[in-house]
Amino acid sequence: MFYKNKKTNDEIDNHNLKDKWYGALARRGFSLEIVKKVLDIKDINNADLILEGNVK
């Protein structure tokens with residue numbers, strides 16, 4: 001993930017942080033499908049292609 005926080009090395013903290021992101025993005029009106037795509041991006045260089053639907 002592309003988030004810098006000293007606590008992200010702990011698996012439990014990563015899970016809690018991801019849950020918070022799901023909630024925050026859902027409250028902003030993003031669908032679960034879009035939120036999953038965004039949070040599952042592994043390669044920042046392909047992020048635009050993934051979000052445009054050109055790469056799955």
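Rounded to the nearest 0.05, what FRET efficiency do D40 and D19 have when you use their Cβ-Cβ distance and R0 = 22 Å? Efficiency, rounded to the nearest 0.05: 0.90.
Each residue of region 20-37 was assigned a 3J(HN,Hα) from its phi angle through the Karplus curve 6.51 cos²θ - 1.76 cosθ + 1.60 (θ = phi - 60°); the sequence is 5, 5, 4, x, 5, 5, 5, 5, 7, x, 7, 6, 4, 4, 5, 4, 4, 4 Hz, with glycine and proline shown as x.
Only the coordinates and a few stated rules stand behind these numbers; no lab work does. Predicted model, so just to flag it, every value in this text is computed and none were measured. Don't worry about glycine lacking a Cβ; one is built from the backbone with ideal geometry, like all the others, and counts go over all protein chains shown.
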